[in-house]
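The values are calculated or read from the model by the stated rules, or taken from the named source; none is laboratory data. Everything numeric in this text was worked out from a predicted model, so none of it was measured. Positions of Cβ are generated from backbone atoms using ideal geometry, with glycine treated the same way; all protein chains shown enter the neighbour counts.
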């Protein structure tokens with residue numbers, strides 16, 4: 001019983017300390033306000049796309065609208081990754097000379113490789129005209145001042161890589177749960193970059209110098225974003241997390257649990273090769289807390305009412321600290337309404353973290369965009 005009590009207290013305390021550390025770092029992270037930009041600075045925007053007919057027009061139009069009033073030379077390169085729908089046709093229907101469409105099928109066969117997104121990005125890099133690359137997913141929508149904010153940071157800070165915020169949107173409780181979850185990860189991302197203890201990023205909103213990045217076929221389908229930022233961090237490059245609403249892109253949360261599982265398994269596999277001890281510890285603390293929260297219930301048959309007391313204590317600690325953490329992030333990102341789904345999310349979160357954490361250690365292959373990859 002004493003061991004059970006000690007483990008519960010230890011995990012609960014370390015979880016509180018971790019969340020407090022991340023929230024404190026987020027509060028101290030400077031928010032970027034756009035300033036002067038170099039009008040000669042060019043930007044190549046890479047948009048890898050596979051079966052994105054539903055989203056490609058919204059994505060391209062939002063970028064063009066954001067770039068419409070600035071003098072900088074800009075190009076949008078859509079790399080169609082063997083789409084089986086009208087992605088390329090819809091992209092080509094926009095009459096704008098800044099849009100270039102490349103078919104990956106013209107360069108690589110449809111069924112031979114594992115990491116097609118990396119190869120698509122590599123092809124885009126070869127075709128890019130400018131020194132800075134802005135990488136976004138084909139299903140995102142960018143805000144009005146997005147492009148000017150990115151260019152302003154590049155002009156004033158001269159970073160080697162910028163990791164930008166990504167938000168998920170949706171009206172259902174399940175989608176709001178995803179919004180809360182990814183908002184939490186934005187603060188984790190910012191904390192790691194600011195401290196230099198770990199480096200993660202989201203490929204839906206990433207900017208870097210072209211000459212520092214090289215995408216090739218690999219045995220891991222995902223991880224173009226994490227692999228890039230960690231490679232540049234290892235070289236001592238200047239890396240920034242851009243805390244700014246004007247630089248925050250949004251995309252729809254997935255509608256079903258099956259899609260969610262596939263997405264999160266793909267995300268989880270990026271961290272299997274993580275070498276940072278701090279990053280491993282940061283991931284282990286929430287995972288172990290969620291595992292123990294689920295184990296409290298079967299331990300009822302061993303420890304009786306003591307297990308009930310420890311479960312209630314442990315759950316109360318997690319729910320309370322998560323609420324404070326996510327409420328502040330929701331306020332920053334103007335997403336206060338998603339907190340209405342917090343009760344639902346607080347129940348689902350331990351199950352999700354435990355299940356995906358275990359699955360990521362066991363699953364070798366998964367399905368994404370109609371492909372079976374690893």
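Some points to look at:
- Verdict on residue 242 being within 21 Å of residue 188 (Cβ to Cβ), in contact with a helix residue (DSSP H, G or I) (Cβ under 8 Å, 6 or more places away or on another chain), in contact (Cβ under 8 Å) with a residue 24 or more places away in the chain and surrounded by 19 or more Cβ atoms within 10 Å (Cβ to Cβ): yes
- Restricting 19, 79 to residues that are under 26 Å from residue 131 (Cβ atoms) and either in the same structural domain as residue 290 (by TED's automatic domain parsing) or in contact with a helix residue (DSSP H, G or I) (Cβ under 8 Å, 6 or more places away or on another chain) (or both) narrows the list to 79.
- Verdict on residue 287 being under 21 Å from the mean Cα position of the chain (by Cα) and either surrounded by 13 or more Cβ atoms within 10 Å (Cβ to Cβ) or modelled with pLDDT of 95 or more (or both): yes
- Scope region 340-357; condition free of Cβ contacts under 8 Å to residues at least 24 places away in the same chain and more than 29 Å from residue 7 (Cβ to Cβ); matching residues: none
- Any hit, region 31-39, residues being touching a strand residue (DSSP E or B) at 6+ places or on another chain (Cβ under 7 Å) and in the same structural domain as residue 155 (by TED's automatic domain parsing): no
- Single residue of 139, 224, 131 found to be farther than 24 Å from residue 345 by Cβ and either under 15 Å from the mean Cα position of the chain (by Cα) or without any contact (Cβ under 8 Å) to a residue 12 or more places away in the chain (or both): 224
- Residue within region 307-324 that is closer than 19 Å to residue 20 by Cα and without any contact (Cβ under 8 Å) to a residue 12 or more places away in the chain present: yes
- Region 157-171, subset at negative phi and assigned to a loop (DSSP other than H, G, I, E, B), residue surrounded by the fewest Cβ atoms within 10 Å (Cβ to Cβ): 171
- Yes/no for residue 120 being at pLDDT below 95 and surrounded by fewer than 18 Cβ atoms within 10 Å (Cβ to Cβ): no
- The criterion of at least 3 residues that are surrounded by 19 or more Cβ atoms within 10 Å (Cβ to Cβ) is met, among helices (runs of 4 or more DSSP H) falling completely within region 295-367, by 305-332, 342-362.
- Qualifying residue in region 172-187 (condition: in a loop (DSSP other than H, G, I, E, B), at pLDDT 95 or above and not assigned by TED's automatic domain parsing to the domain that holds residue 55): yes
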